[in-house]
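Structure first, then comments.
Each value in this text was obtained by applying a stated rule to the coordinates, not by laboratory testing. Predicted model, so just to flag it, every value in this text is computed and none were measured. Neighbour counts run over all protein chains shown; Cβ positions are idealised from the backbone, glycine included.
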Amino acid sequence: MSMKWWTESSSRKSRLKSLMIIVIVLIMTALSGCSLLPEEPLEEQLPAITPPTISKKPEYTVTTDTIEVKVRGIGKIMSLQEEELFFTSDNMRIRDIFVQVGQEVKAGEVLAELDTTQLENQIRQKRLQQRSEELAMIEILRKADEIPPDELEQAKIDFELKRLELVELEEELERAKLVAPFDGTIVSIMYDKGDQVQSYQTVMVISDLSQLAVAAELSDSDKAKVAVGMDAIVDINAHGQFKGKVARLPIEKNNNNNNYDPWNPWNPGGNQDRESIDDYMIVEIEDFPENAARGTPLSVQVIIDRRENVTVIPPAALRTLSGRYYVQVVEEDGTKREVDVEIGQQTPTQVEIIKGLEPGQKVVGK
């Protein structure tokens, strides 16, 4: 009996051991099989989607302010006394230039001269001829009683004509010198010694740098809007802004070209094509900057109309349709209604409201 129990117990233990081995093998097989399968991708985390908000149109408060209407021009600092200097003798060489750019000169000082060697030779010959003519004329006058009156008169005329020829040559010699018309500074020289120069071509420019002024150009449409005495704001490059007043308007040129010379291709319109301060609007400013130089660029704003304590809104709040001007007014409960308005002056930043709105109301922008 005991033998039987031991046998049964042993067999049971064997079966349990075998069963455990089988279970372990199955588990290992399952684990090794999973390692052979591809890894599953991680689940993608999608960002939260925020629904777009509907943009709200800006709202502006109706206010009172000073509105200024301005016209703008550009220009530079110029001298009130400035002149371009040129020779009137045609097709000659410059013998010498006695000054340089930046040099101060006195009125009457010789600045340059042409090569007049040939002209001087002609003058010497004419003077000798003139001396001979004088001696001949003295002899004629001694015999005046023996000469018919008409022949005597003709002799006097011929003598005077020859004398005038000498005078004209001497005057041409004087014109071959370029002379300073006033005390000033040479600001530019266009030619060098030995250059060929035509008549009326600018050789150099003289300027009185003690008389500098703000000069600006206006468009043709704005010229009629500006008057002497109007307030202006001048912005000088690298020097800042200055308050000023319009002192002089551009001088209209005479279209009648009385200086036209058909035989002079270098001077088809006289001096009309040359730059002149008369072509500019002159503005007087307070505390003219001492270190501001001639030619410094600048801009000018002329206030052609100023209205104080007027009702204004920004241009973005004004709406128009077929000639009708209106705004959208925001009521206290948030509702909006259209209101027709009458407008006055307009600037890039303000619109004057003459009728239709009161300060404190709110209007909707576009």
Next item on the list: Would you order ILE21, ILE206, ILE277 from fewest to most other beta-carbon atoms within 10 Å of each residue's own beta-carbon?
Entry: ILE21, ILE277, ILE206
Item checked: Label-to-label distance, nm, for residues given as ILE74 and GLU109 (7 Å Cα→Cβ offset) -> 3.5 nm
Next item on the list: Please find the FRET efficiency linking THR335 to ASP222, where r is the Cβ-Cβ separation and R0 is fixed at 41 Å, and quote it to the nearest 0.05.
Entry: 0.40
Item checked: For region 72-115, convex hull volume per residue from C-alpha positions, Å³ -> 141 Å³
Notebook entry, point to check: At a Förster radius of 45 Å, what calculated FRET efficiency corresponds to the Cβ-Cβ distance of GLN100 and LYS156, to the nearest 0.05?
Noted result: 0.35
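Return ARG337, ARG248, ARG72 ranked ascending by Cβ neighbour count within 10 Å, so the fewest neighbours appear first.
If I rank by nearby Cβ atoms, fewest first, I get ARG337, ARG72, ARG248.
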Margin query: Distance cut-off 21 Å, Cα to Cα: go down the list LYS106/LYS245; LYS245/LYS355; LYS56/LYS336; LYS225/LYS366; LYS223/LYS355; LYS177/LYS253 and report the pairs above it.
Written below: LYS106/LYS245; LYS245/LYS355; LYS225/LYS366; LYS223/LYS355; LYS177/LYS253
Next item on the list: Please work out the FRET efficiency for the pair ARG294 and ARG127, using the Cβ-Cβ distance as r and a Förster radius of 56 Å; give the result to the nearest 0.05.
Entry: 0.80
Next item on the list: Could you line up ASP195, ASP65 from fewest to most neighbouring Cβ atoms inside 10 Å?
Entry: ASP195, ASP65
